[in-house]
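Below is one structure, written out as structure tokens, with a few remarks after it.
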Amino acid sequence: MFSSAIRSSLRSSSRLATRSAAPNRVSAFRSSGFRKYSTDAPKNSSNTLLWTGLGAAAAGGVAWYIYSSEDAVKGAETALKSGVQSAKAAANFVPAKEDYQKVYYRIAELLDDASDAGYDDGSYGPVLFRLAWHASGTYDKETGTGGSNYATMRFEPESLHGANNGLEVGRTLLEKVKAEFPWISYGDLWTLAGVAAVQEMAGPKIPWRPGRIDGFAKDATPDGRLPDAAQGAPHVRDIFHRMGFNDQEIVALIGAHAVGRCHSDRSGFEGPWTFSPTTFTNDFYKLLFDEKWVWKKWNGPKQLEDKKTGTLMMLPTDYTLVSDKVFKKYAFEYAKDQDVFFGDFSAAFSKLMELGVPTSQFVTPEPWIMKNLDEKA
Ligand code: HEM
């Protein structure tokens, strides 16, 4: 079904991946010592308005920074209270793009601490990536609720929702970063970590911009908004159409399963999807087409395994990308051409990270492209 070029590229990537599958598989990451950044003096930037707004709120003033009055009404009370908190933490500090870039670098440096900690495949990238997605994927376009704005996964019961099992690893890790950069909101921190994870795992650049504010437990969404891996294509469509994604975007987003793994003590499922779970590639789609997938015989939930090695897995929802005709068309495109996948993934993931955030809150009309750690001057 596939061109020999693709097959041979798959073989070579599998070989590469197998080599790097040893516990110390951190070739995509550089080991780096601890570096603590001091923050520069406030600069004039597009953020000034935001922080002026926060300052006014802290002073008991009425102002909350707005781009458009339409969005401003929503969550105004929360915004004001959060503004007070943030402004206190900020102590008149006005973060500029360089400051967010420093946060990015710090997150990027932490990723391969996983290697020393003996965690998974030697990177915290996948779990941070998943945290960013679960923080955003609760969005409902009809009611405008959920999404990344208020970082409500900090609170019970959302932190205890079954779908979020294991994500405390990511949240706890990011507390280190929050302690060094207390002015950043949790929503911005978590989504920026998702961006850093993708980019540092050799994925595409993800346009991103800050402006999320910290909300309260009352802003949390009910359980059941994230997808159930045991279901079929109708469920996958219901969940992602609710967030505002179309079929092509759904297929692109699920390609995230090129990295990371399932943990039986978190989701019940077990194993990685690809041979290189810390490198972002289009291997997930290639494997879907090139391998023969059979039901795993075990005492766990229904999942597929590759017949050849029995070491890789696919969730029932992953398999809809080849069993559903429309999904399959896009998956095939992505299997054939990694650049096409990277472009579509970047656009869809950037959109995902912004779900639920009123436009008025963003500090810049155009998202930024953050530098990778190896582009650091
Ligand atoms: C139908 C849609 C999806 C379903 C049912 C699903 C389900 C799952 C499940 C069951 C796990 C294993 C969790 C564990 O045991 O640790 C997982 C892991 C993961 N998912 Fe998804 N997922 C979906 C879509 C997505 C999307 C859209 C993204 C990102 C854009 C994503 C990113 C990840 C990552 C990076 C991991 C690995 C986490 C780790 O290694 O700790 N998933 N997913």
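The values are calculated or read from the model by the stated rules, or taken from the named source; none is laboratory data. Note that the coordinates shown come from a computational prediction; the quantities given were computed from them, not determined experimentally. Every residue, glycine among them, receives a Cβ derived from its backbone with ideal geometry; neighbour counts consider all protein chains shown.
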Worksheet item: Given GLU142, GLU180, which one is of a type outside the set (Val, Ile, Thr), out of contact with any helix residue (DSSP H, G or I) (no Cβ under 6 Å at 6 or more places or on another chain) and within 17 Å of LYS351 (Cα to Cα)?
Response: GLU142
Worksheet item: Looking at this structure, is ARG212 under 30 Å from TRP183 (Cβ atoms) and either assigned to a helix (DSSP H, G or I) or assigned by TED's automatic domain parsing to the domain that holds TYR124 (or both)?
Response: yes
Worksheet entry | Among the residues listed as ALA193, ALA202, the single one being of a type in the set (A, V, I, L, M, F, W, C) and touching a Gly at 6+ places or on another chain (Cβ under 9 Å) | ALA193
Fill in: Whichever residue in segment 235-261 is in contact (Cβ under 8 Å) with a residue 60 or more places away in the chain and assigned to a loop (DSSP other than H, G, I, E, B) and, among such residues, is nearest to the ligand (Cβ to nearest atom)
GLY260
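Does segment 178-199 contain at least one residue that is assigned to a loop (DSSP other than H, G, I, E, B), within 15 Å of the ligand (Cβ to nearest atom), β-branched (Val, Ile, Thr) and crowded, with 23+ Cβ neighbours inside 10 Å? Even if it seems obvious, please write down each step before you answer.
At the first step, the residues of segment 178-199 found to be assigned to a loop (DSSP other than H, G, I, E, B) are 181-185.
Those still in the list that are within 15 Å of the ligand (Cβ to nearest atom) too: none.
Among the residues of segment 178-199, not one is assigned to a loop (DSSP other than H, G, I, E, B), within 15 Å of the ligand (Cβ to nearest atom), β-branched (Val, Ile, Thr) and crowded, with 23+ Cβ neighbours inside 10 Å, which makes the answer no.
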Discussion item. Can you tell me which residue is farthest from the ligand (Cβ to nearest atom) among those in segment 262-272 that are within 16 Å of THR317 (Cα to Cα) and touching a residue at least 60 places away in the same chain (Cβ under 8 Å)?
Written reply: PRO272
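I'd like to verify a number: residues in segment 155-177 that are in a loop (DSSP other than H, G, I, E, B) and within 11 Å of the ligand (Cβ to nearest atom), how many? Quick ask: steps written out before the conclusion?
Filtering segment 155-177 down to residues in a loop (DSSP other than H, G, I, E, B) leaves 155-157, 161, 165-167.
From the residues that got through so far, the ones that are within 11 Å of the ligand (Cβ to nearest atom) too are 165-167.
Summing the residues that are in a loop (DSSP other than H, G, I, E, B) and within 11 Å of the ligand (Cβ to nearest atom) in segment 155-177 gives 3.
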Worksheet item: Has segment 234-245 got any residue that is within 18 Å of the chain's Cα centre (by Cα), at pLDDT 95 or above and surrounded by fewer than 18 Cβ atoms within 10 Å (Cβ to Cβ)?
Response: yes
Worksheet item: From the residues in segment 332-347 that are within 13 Å of the ligand (Cβ to nearest atom) and crowded, with 22+ Cβ neighbours inside 10 Å, which one is farthest from the chain's Cα centre (by Cα)?
Response: PHE341
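I'm trying to understand the selection: among the residues of segment 119-163, which are among the polar types (S, T, N, Q) and surrounded by fewer than 22 Cβ atoms within 10 Å (Cβ to Cβ)? I'd like the intermediate steps shown before the answer.
From segment 119-163, those among the polar types (S, T, N, Q) are 123, 136, 138, 143, 145, 148-149, 152, 159; that's our starting set.
Listed by number, the residues that qualify are THR143, THR145, SER159.
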Worksheet entry | Of all residues in segment 273-328 being part of a helix (DSSP H, G or I) and within 12 Å of the ligand (Cβ to nearest atom), the one that is nearest to ALA256 (Cα to Cα) | PHE284
